[in-house]
Amino acid sequence: MYTPTGIFSTKHQMRLLLAECATVRSVLGVADAAAALAKIKTYAPMYFPDDGGTILLPPFQYPRILIDSEGVEFDSTTDGNLSDVQSRTMMVAIGIYVPDDETIVDESDQEAWVDDQFGNILMECMAIQGTGESIPGQSHLCLMNPSYGGATPQPDDERDEVQDSQPDRPRWLGMLRFEVR
């Protein structure tokens, strides 16, 4: 895996931080950070069937995490050198399956379970932010002002066997946002 180290490596650093979270690994159904990285992407192409129904590009299957960022504005000095980035906003879209659990009986229970997972991920990210060696010589990102707008169930009519590893389970999609330094 290529490890970016430049001024635009923030999304990759967010991948590394998320892969260290126990709840992320749990909802992705993987045992370790290396396996989690395979399901945490910063870019995932769309796929389109050709006229014969063949998939041209592989889809990004559930469960999954996709990281994006808003544009980055740099401050510069009067002599044209870059001086600082005030902060960057990372958007972390997380698509997960609700487990087969006898205590989850309806959509309200599903939402409560999903919200718990997002809450755990948020708290784990905040606990390990700024620590560790995600990139040699640097620590994990420093996170500020997190937000969560809730998650929504994904409609059954958008499901297919290529994207769904668990087609019989409800799937939900939500987003965490962080300002990072």
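Structure above, values below:
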item: From phi via Karplus (6.51, -1.76, 1.60), per-residue ³J(HN,Hα) for segment 174-181 in Hz, x at Gly/Pro; result: x, 9, 9, 10, 9, 8, 10, 10
item: Accessible area (Å², 1.4 Å probe, nearest 10) - residue 105; result: 110
item: Rounded to the nearest 10 Å², the accessible area of residue 21 at probe 1.4 Å; result: 0
item: For peptides 62-70, 96-104, 9-17, sequence by mean Cβ density within 10 Å, most packed first; result: 9-17, 62-70, 96-104
item: Distant-in-sequence amide H partners of residue 69 (H built 1.01 Å from N, under 5 Å); result: 91
item: Phi-based couplings in Hz for segment 145-155 (Karplus 6.51, -1.76, 1.60; Gly and Pro marked x); result: 6, x, 9, 9, x, x, 10, 10, x, 8, x
item: Inter-probe distance in nm under a simple model that places probes 7 Å from Cα toward Cβ, at residue 31 and residue 112; result: 3.4
item: 3J(HN,Hα) from dihedral phi, segment 73-80, Karplus parametrisation 6.51/-1.76/1.60, rounded to Hz, x for glycine, proline; result: 10, 9, 8, 9, 7, 5, 8, x
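The values are calculated or read from the model by the stated rules, or taken from the named source; none is laboratory data. Because the structure is a prediction, the values reported are computed rather than measured. Counting neighbours? That spans all protein chains shown, and the Cβs are built from the backbone with ideal geometry, glycine included. Just so you know, the surface numbers come from the protein's heavy atoms only, side chains and all, with ligands and any DNA or RNA stripped out. Shrake-Rupley method; radii C 1.70, N 1.55, O 1.52, S 1.80 Å.
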